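This report refers to the structure that appears directly beneath it.
Rule-based calculations on the coordinates, nothing more; no lab input. Keep in mind it's a predicted model, so treat the numbers as computed, not measured. Virtual Cβ from ideal backbone geometry, glycine too; neighbours counted across all protein chains shown.
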């Protein structure tokens, strides 16, 4: 991923859950906060209530693929946690990409102004 690094610290996840703003859609919940760096940081999670390990991994793969395809459209300088919901398991990556384009990116860009 060109402009993105991964979030792997539990402390960063908890900080975004508590202090970050959220965008709720049918397939994902995105927690975000500005980080004032020249790159984005992203973490993708899925809870056990989504299903077994195969379904959770599929949901994360779909979200990662959708993000990778439109990564250049996201504004730079944000920390994001993307939490998969049950609907993400049945979706294809182009559906999640459409959700990112229509709901997530406009709200992040509105935050910049």
Exercise. Once both axes come from the Cα atoms, what is the angle between helix 53-69 and the longest principal axis of the chain, in degrees from 0 to 90, rounded to 10?
Worked result: 40
For this session: On a 0 to 90° scale, report how tilted helix 10-19 is relative to the longest principal axis of the chain, with both axes built from alpha carbons and the result rounded to the nearest 10.
Result: 70
Exercise. What's the exposure ranking of 11, 60, going from fewest to most Cβ atoms within 10 Å?
Worked result: 11, 60
Problem set entry | Fewest-first sequence of 30, 54 by Cβ atoms within 10 Å of each Cβ | 54, 30
For this session: Grab the alpha carbons of the chain, take their convex hull, and tell me the volume per residue in Å³.
Result: 96
Exercise. In percent, what relative contact order does the chain have, based on Cα pairs under 8 Å that are 6 or more apart in sequence?
Worked result: 33
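Kindly put 104, 96 in sequence by how many other C-beta atoms sit within 10 Å of each C-beta, fewest to most. Before the final figure, lay out the partial values.
Details: 104 22, 96 28.
Ordered by Cβ neighbours within 10 Å, fewest first: 104, 96.
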Seminar exercise, completed: Rounded to the nearest 500, the 222 nm mean residue ellipticity computed for the chain from DSSP H runs (n ≥ 4, each -39500 (n - 2.57)) alone is -12000 deg cm²/dmol
For this session: Would you look at the GNM of the chain, springs on alpha carbons closer than 10 Å, and say which of 76, 23, 63 moves the most?
Result: 23
